[in-house]
Structure formats: structure tokens, C-alpha cells
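Data first, discussion second: the structure below is written as C-alpha cells.
The values are calculated or read from the model by the stated rules, or taken from the named source; none is laboratory data. These figures come from a predicted structure and were not determined experimentally. Every residue, glycine as well, gets a Cβ built from its backbone with ideal geometry; the counts of neighbours run over all protein chains shown.
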Amino acid sequence: NAGVTQTPKFQVLKTGQSMTLQCAQDMNHNSMYWYRQDPGMGLRLIYYSASEGTTDKGEVPNGYNVSRLNKREFSLRLESAAPSQTSVYFCASSPNSDTQYFGPGTRLTVL
Amino acid sequence: GENVEQHPSTLSVQEGDSAVIKCTYSDSASNYFPWYKQELGKGPQLIIDIRSNVGEKKDQRIAVTLNKTAKHFSLHITETQPEDSAVYFCAASKGGYQKVTFGIGTKLQVIP
């Protein structure tokens with residue numbers, strides 16, 4: 001039981017490049033989330049998926065898109081990366097949207 | 001929307017002393033208050049939570065108290081140990097499929 005896994009662990013992009021952050025969970029959870037963590041700002045919700053087939057915007061969705069591929073997988077896409085998107089990205093899952101289980105994070109740098 | 005304020009932002013204590021972290025929330029409809037611990041280079045991990053129908057909850061050296069009237073809740077760690085050093089986040093939600101709002105975190109340093 002691996003819990004929540006994220007790939008890649010680290011990534012460096014140039015401004016304007018695109019990339020997809022992958023997240024998978026093996027706990028059969030309904031809800032999945034993407035957060036970004038920046039110094040002094042805590043965890044801010046980018047997008048979430050309450051259940052397979054649905055996605056909703058969180059607090060800071062601009063510049064991102066998501067896909068809930070199936071119950072296990074929830075990906076985050078940056079179409080045209082900007083330096084302001086330099087951050088640590090965390091994926092989380094929850095059986096009922098209360099207790100959340102986080103992955104190890106992806107550290108992204110945009111030059 | 002919900003706003004969660006957390007303080008202090010940093011806290012240093014001597015090993016064996018107690019540590020207290022406080023949070024306030026704005027939405028009186030919030031009814032679920034988890035606390036997460038984040039060690040360096042890792043994702044946050046739930047350490048304790050409390051629901052609005054309970055005033056206090058304990059788990060070994062960790063306790064959380066909730067004052068619904070004042071809309072604040074606190075994390076208490078007793079007999080601190082070096083392995084308690086981490087960033088702690090409080091959070092609030094309305095439960096169900098409502099999103100969770102996090103505080104900005106408290107960096108706790110336990111000095112041996």
C-alpha cells in the first residue's frame with residue numbers, strides 16, 4: 001500500500017514550457033486535491049476533484065488545468081509555465097474530504 | 001470564504017517543555033479541525049483532529065482544544081522531544097465534500 005505517490009520529485013522548467021505533474025492513490029479514495037506550498041503562505045488549494053469525473057477550482061487555479069483520469073489518478077498540467085509557479089506541489093486524497101492524505105510533493109522551479 | 005489564522009509562525013522550546021499553537025477561524029459553519037505535521041522534505045501528515053461536537057481530544061502527548069464560541073482551537077504538545085521539530089498546520093472545513101482551509105503553519109524547534 002503505497003498511499004499517495006507523485007512524479008516527478010523535482011523539475012526545472014524554462015518560462016513558457018509545459019509539463020504535467022502526476023498523482024496516484026491506491027486507497028480507493030473518492031476525493032483528490034492539488035495544493036501549492038509557498039513560504040509564508042501555507043497550503044493553497046489549486047483544484048480538487050470530489051469524485052471521479054468531476055473537478056472544481058480552488059483558491060488559485062489560474063495557469064493550471066487538471067484531469068481526473070480515473071478514481072486513482074489526478075494530474076495537474078501547466079500549459080505555459082511562469083516563474084510565479086515556482087513552488088512545491090502536493091497532491092492529496094481523502095475518503096470523504098475530511099482527513100486528507102498527502103503525497104511527498106514535487107519541487108518545481110521555473111526559470 | 002473561510003479564513004484561518006495561525007500563530008506563532010515560529011516557536012522554540014527546550015526539550016521536555018510544552019508547546020502551544022493557536023488558530024482562529026472565521027466561518028461559524030466549520031465543524032472539522034485537523035492538525036498536520038510536516039517534516040522537512042515530506043508531505044503533511046495528520047496527527048490529530050477534532051470535530052465541533054467535542055471540546056477536547058488527547059492522543060498521548062498531543063491534545064487539541066476547541067472553543068466554538070470564540071472560534072479558536074489550539075494544539076498542545078507536552079514533554080516535547082527533538083523529533084517533534086517540524087512545521088505544524090491547523091485547518092478548518094465544513095466537513096463532507098467541502099474544501100479544507102489551512103493556516104500558514106508554525107515552525108516548531110525543540111532544542112535538546
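For (1) loosely packed, with under 13 Cβ neighbours inside 10 Å; (2) within 16 Å of the chain's Cα centre (by Cα); (3) assigned to a strand (DSSP E or B), each residue gets a yes or a no:
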{"residue": "A:A2", "(1), (2), (3)": "yes, no, no"}
{"residue": "A:T5", "(1), (2), (3)": "no, yes, yes"}
{"residue": "A:C23", "(1), (2), (3)": "no, yes, yes"}
{"residue": "A:M27", "(1), (2), (3)": "no, no, no"}
{"residue": "A:G40", "(1), (2), (3)": "yes, no, no"}
{"residue": "A:L45", "(1), (2), (3)": "no, yes, yes"}
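Looking only at segment A:55-78, filter to residues that are of a type in the set (A, V, I, L, M) and not in a strand (DSSP E or B); which one of those is nearest to the other protein chains (Cβ to nearest Cβ)? If we take residues in segment A:55-78 being of a type in the set (A, V, I, L, M) and not in a strand (DSSP E or B), then A:V60 is nearest to the other protein chains (Cβ to nearest Cβ). Considering A:V66, A:V110, A:V12, which residue is more than 21 Å from B:L46 (Cβ to Cβ), at pLDDT 95 or above and in contact with a Pro (Cβ under 6 Å, 6 or more places away or on another chain)? Selected residue: A:V110, the only one of A:V66, A:V110, A:V12 that is more than 21 Å from B:L46 (Cβ to Cβ), at pLDDT 95 or above and in contact with a Pro (Cβ under 6 Å, 6 or more places away or on another chain).
From the list B:V20, B:V4, B:V13, the one residue that fits, being touching a residue at least 40 places away in the same chain (Cβ under 8 Å), of a type in the set (V, I, T) and closer than 13 Å to B:K71 by Cβ, is B:V4.
Yes/no per residue for (1) part of a helix (DSSP H, G or I); (2) free of Cβ contacts under 8 Å to residues at least 60 places away in the same chain; (3) under 12 Å from the mean Cα position of the chain (by Cα):
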| position | (1), (2), (3) |
| --- | --- |
| B:V64 | no, yes, yes |
| B:E79 | no, no, no |
| B:E83 | yes, yes, no |
| B:Y88 | no, no, yes |
| B:A91 | no, no, yes |
| B:L108 | no, no, yes |
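Could you say whether any residue in segment B:42-49 is outside any strand (DSSP E or B), among the aliphatic types (A, V, I, L, M) and either closer than 26 Å to A:N96 by Cα or within 14 Å of another protein chain (Cβ to nearest Cβ) (or both)? No, there is no match, as no residue in segment B:42-49 is outside any strand (DSSP E or B), among the aliphatic types (A, V, I, L, M) and either closer than 26 Å to A:N96 by Cα or within 14 Å of another protein chain (Cβ to nearest Cβ) (or both).
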